[in-house]
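Heads up, the thing below is written out as structure tokens.
The values are calculated or read from the model by the stated rules, or taken from the named source; none is laboratory data. Bear in mind the structure is a predicted one, so any value in this text is a computation, not a measurement. Here the Cβ positions follow ideal geometry from the backbone for every residue, glycine too, while neighbour counts run over all protein chains shown. Only protein heavy atoms, including side chains, enter the accessible area calculation; ligands, DNA and RNA are left aside. Shrake-Rupley method; radii C 1.70, N 1.55, O 1.52, S 1.80 Å.
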Amino acid sequence: PSARSKNYIHQVRHELRRLVPGLSVPYNPTTQTYRVHCEGVHLTWDWQQARDALLSSERDVMLTANLNVKNFLQDSDSEWVETERERMSRWIVRVGLETMDAWYSAGDYAKCVKLAQRLIEIDPLDEGLHDFLIRATAQFSGVSAARILCWESRTLFAREVGHVPPLLDTLAQQLQQSH
């Protein structure tokens, strides 16, 4: 109902004014609109650094940017928030895979390892990320280290989804044949 909505908005305005000094949300009764007034307040949103990193032409920024999707409206568990977290996770992983593909082709294996480790925290069951991590580790740290990672990845998939992706089985066979 309109009266309840109006009351709720006014409570939120008061709470914002209390929590953020210099921020106000004045209401104009003539136009029946609200506006945000910030005096000395610099506002950012949860995803600004991640979004900037994803849109940047300088891909190294992905190695240090805050890409933690759990931070986005962390105290909210609404359906919309969950949908946005999933959308952002897919975008971060997609850009990360594209970035690692370029780095791998250029021989930047250390960067691939670091980024893959960061992205696996976002999506632990993305087999493409595990593939990059294992292959880049083989190049950067050696086959023995890659075999250990491959075993850990295969164990994770078996435990979490009940099977090992064929990509990881193939990679394990290739690593066994390597000396």
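Some notes on this structure:
- The distance from the alpha carbon centre of segment 103-179 to that of segment 1-71 is 39 Å, rounded to a whole number.
- The phi-based Karplus calculation (6.51 cos²θ - 1.76 cosθ + 1.60; θ = phi - 60°) puts the 3J(HN,Hα) values of segment 67-78 at 10, 6, 5, 5, 6, 5, 6, 4, 8, 10, 10, 6 Hz, whole numbers, x for Gly and Pro.
- Heavy atoms of MET88: accessible area, 1.4 Å probe, square angstrom to 10: 10
- Estimated FRET transfer efficiency (GLU79, GLN139; beta-carbon r; R0 30 Å; 0.05): 0.10
- Among ILE92, ILE9, ILE120, the sequence by solvent-accessible area, most first, with a 1.4 Å probe is ILE9, ILE120, ILE92.
- Computed [θ] at 222 nm, deg cm²/dmol, the chain (DSSP H ≥ 4; -39,500 (n - 2.57); rounded to nearest 500): -21000 deg cm²/dmol
- Axis of helix 79-106 versus longest Cα principal axis of the chain: the two differ by about 40°, to the nearest ten degrees.
- Apolar share of the accessible surface for segment 27-162: 49 percent from carbon plus sulfur atoms, 1.4 Å probe.
- Excluding ligands, DNA and RNA, the accessible surface per residue across the chain is 64 Å² with a 1.4 Å probe.
- Rounded to the nearest whole Hz, the Karplus-based 3J(HN,Hα) values (6.51 cos²θ - 1.76 cosθ + 1.60, θ = phi - 60°) of segment 52-61 follow the sequence 4, 5, 5, 8, 6, 7, 8, 5, 4, 4, with x at glycine and proline.
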